[in-house]
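Below: one structure, written as structure tokens.
The values are calculated or read from the model by the stated rules, or taken from the named source; none is laboratory data. Worth saying up front: this structure is predicted, and the values here are computed from it rather than measured. Reconstructed Cβ throughout: ideal geometry from the backbone, glycine too, with neighbour counts over all protein chains shown.
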Amino acid sequence: MPSSLIIGGSLSGLLAARVLSSHFDQVTLLERDTFPDGPEFRNGVPQSRHLHILLLKGKELFTQYFPGLEADLLAHGAVQADAGTEFLTVSTFGRIVPVSNTGLRLLLSSRNLIEHHVRQCLKGVKNVQILTQAEVTGYLTGNTPDQITGVQLRARGGETIPTTLHADLIVDASGRSSQTADWLATLGYPHPEMTVVNSHLGYATRWYRRPNGYQSPWKGAIVGVRPPHNPRGGALFPAEGGQWTVTLAGINACYPPTDDAGFLEFARALADPVIYEAIRDAEPVSPIYGYRRTENQWRHYERLPRWPGGLVVMGDAACGFNPVYGQGMTSAAMGAALLDKQLQTEKRFTPAFGQAYQRKLAKFLETPWLMATGEDFRWENTEGARPGGATRLVQGYLDRVIKLARRDPRAGRAFLKVVHLLEPPTSLFHPAILFPALLQKKGE
């Protein structure tokens with residue numbers, strides 16, 4: 001009976017479990033924490049208190065794999081907003097003109113609400129078993145290290161669990177703390193190359209109650225940083241319960257304070273006053289939470305000359321982005337979708353299967369990586385290998401498109417689709433955007 005194991009019960013692991021349930025008789029998800037009964041914080045996802053966005057490509061995939069999810073989220077207070085007309089975007093170069101009738105509908109809520117309802121959907125999948133307080137401590141192999149056949153387990157609570165579990169395919173979705181590289185090294189595999197880009201960004205989040213009678217044409221707003229002089233940015237998103245999530249971010253080690261007065265003063269110093277004006281008289285309903293583990297980190301498993309059968313690595317365990325760009329949940333969904341597609345035609349979990357998956361995943365990751373690190377490299381103190389000339393040319397052209405989007409709705413809509421991973425960056429080279437972008441006069 002074909003079986004699979006997933007390491008990690010965050011969104012990447014939950015998505016993997018749903019995908020694998022269509023291809024295996026038995027799917028077991030292993031999570032080292034316990035899951036709360038409701039949409040609550042848990043220690044294994046420390047960033048969940050902060051603002052999250054499900055990009056439109058992610059929304060498309062989440063609702064494909066969990067058909068009732070959108071209705072459940074809306075019934076529990078999630079907010080819909082048009083990405084063009086109900087969201088104010090203030091780019092590095094100024095406010096982007098509202099784009100009418102985009103049909104690009106965002107679904108906004110807390111990360112905790114999304115995870116809870118995804119878990120609830122997964123509970124209805126009969127061939128998925130979830131083991132909590134089960135910590136994976138290493139991989140098992142057969143007579144040779146060429147095939148991973150299972151995992152070693154350690155119980156973190158009082159319940160008795162097996163000390164080993166075997167499966168035909170194992171998915172590491174354990175996040176940035178993944179130990180796959182070290183476990184493979186004990187089996188004779190080289191460590192993967194690691195690319196790290198660190199802009200020394202930190203952010204702080206506070207939840208507010210939306211004031212009664214508050215009037216604004218916007219449901220949410222994003223205010224970008226302004227290189228090279230203003231390293232402060234922020235976002236205000238609506239969430240369930242009539243609340244706002246407000247996250248302030250500072251790049252170049254310009255970290256937002258976590259005291260009341262300092263948080264408001266930081267908001268007042270943003271390049272646009274929209275967020276400060278919204279929250280200055282709003283009622284806080286949470287403490288201020290800080291977070292600084294924000295470096296972009298890519299483990300290049302796709303470059304390894306050897307790879308064991310029976311194993312794939314996805315989500316932040318393979319590549320984690322600076323969280324402030326909001327790509328994590330959608331990239332996790334894309335990784336699951338790529339695995340789903342490969343499993344539709346390949347059922348032998350040889351080393352070639354795993355290598356093919358890691359290379360397909362790496363190909364997808366190129367676009368979000370370019371967008372995240374391109375923003376980070378606007379700052380001189382960002383650490384990491386600088387992009388080559390071709391990449392700098394592409395980033396320079398993207399800047400021209402962003403400038404054009406301040407007044408051209410077509411460019412604004414096209415840029416939104418790229419940001420939300422609905423279209424590749426090459427779509428911005430359409431003649432209707434290319435020529436106006438290139439022909440802009442200096443200062444426009």
What is the number of the single condition among (1) under 22 Å from V90 (Cα atoms); (2) surrounded by fewer than 17 Cβ atoms within 10 Å (Cβ to Cβ) that V223 does not meet?
(2)
Taking P287, is it at pLDDT 95 or above, surrounded by fewer than 18 Cβ atoms within 10 Å (Cβ to Cβ), more than 30 Å from A352 (Cα to Cα) and touching a Gly at 6+ places or on another chain (Cβ under 9 Å)?
no
Scan the range 139-150 residue by residue and report those that are out of contact with any Ser or Thr (no Cβ under 7 Å at 6 or more places or on another chain) and either polar (S, T, N, Q) or within 15 Å of I7 (Cβ to Cβ) (or both).
Y139, N143, T144
Restricting attention to the range 1-22, report how many residues are assigned to a helix (DSSP H, G or I), of a type in the set (A, V, I, L, M) and under 20 Å from the mean Cα position of the chain (by Cα).
6
Of residues in the range 144-170 being under 17 Å from W307 (Cα atoms) and not hydrophobic (A, V, I, L, M, F, W, C), the one surrounded by the fewest Cβ atoms within 10 Å (Cβ to Cβ):
T144
Looking only at residues in the range 119-137 that are of a type outside the set (V, I, T) and over 13 Å from G9 (Cβ atoms), which one is surrounded by the fewest Cβ atoms within 10 Å (Cβ to Cβ)?
K126
Going by the structure shown, is Y276 assigned by TED's automatic domain parsing to the domain that holds Q147, farther than 27 Å from A167 by Cβ and out of contact with any strand residue (DSSP E or B) (no Cβ under 8 Å at 6 or more places or on another chain)?
no
Okay, strands (runs of 3 or more DSSP E) sitting entirely in the range 23-111 with 3 or more residues that are more than 22 Å from the chain's Cα centre (by Cα), I get 26-31
State which residue pairs qualify: first residue under 15 Å from A267 (Cβ atoms) and inside the range 216-229, second residue assigned to a strand (DSSP E or B) and of a type in the set (D, E, K, R) in any location, beta carbons under 8 Å apart, and separation of 6 or more residues or different chains.
V225/R232
On the given criteria, is L106 buried (at least 18 other Cβ atoms within 10 Å of the Cβ) and either in the same structural domain as A221 (by TED's automatic domain parsing) or under 24 Å from A167 (Cα atoms) (or both)?
no
Scanning the range 142-180 residue by residue, those without any contact (Cβ under 8 Å) to a residue 60 or more places away in the chain and either in a loop (DSSP other than H, G, I, E, B) or on the phi > 0 side of the Ramachandran plot (or both) turn out to be G142, N143, T144, G158, E159, T160, I161, P162, T163, Q179
When only residues in the range 349-388 that are among the aromatic types (F, W, Y) and not in a loop (DSSP other than H, G, I, E, B) count, which is surrounded by the most Cβ atoms within 10 Å (Cβ to Cβ)?
Y357
Considering only residues that are touching a Lys or Arg at 6+ places or on another chain (Cβ under 9 Å), over 13 Å from F237 (Cα atoms) and at pLDDT below 90, which ones fall in the range 50-93?
G84, S91, T92, F93
Provide a single number: the residues in the range 187-244 that are outside any helix (DSSP H, G or I), of a type in the set (G, A, S) and touching a strand residue (DSSP E or B) at 6+ places or on another chain (Cβ under 7 Å).
9
Looking at T195 and the list (1) surrounded by fewer than 21 Cβ atoms within 10 Å (Cβ to Cβ); (2) closer than 23 Å to V45 by Cβ; (3) in contact with a Gly (Cβ under 9 Å, 6 or more places away or on another chain), which single condition is not satisfied?
(2)
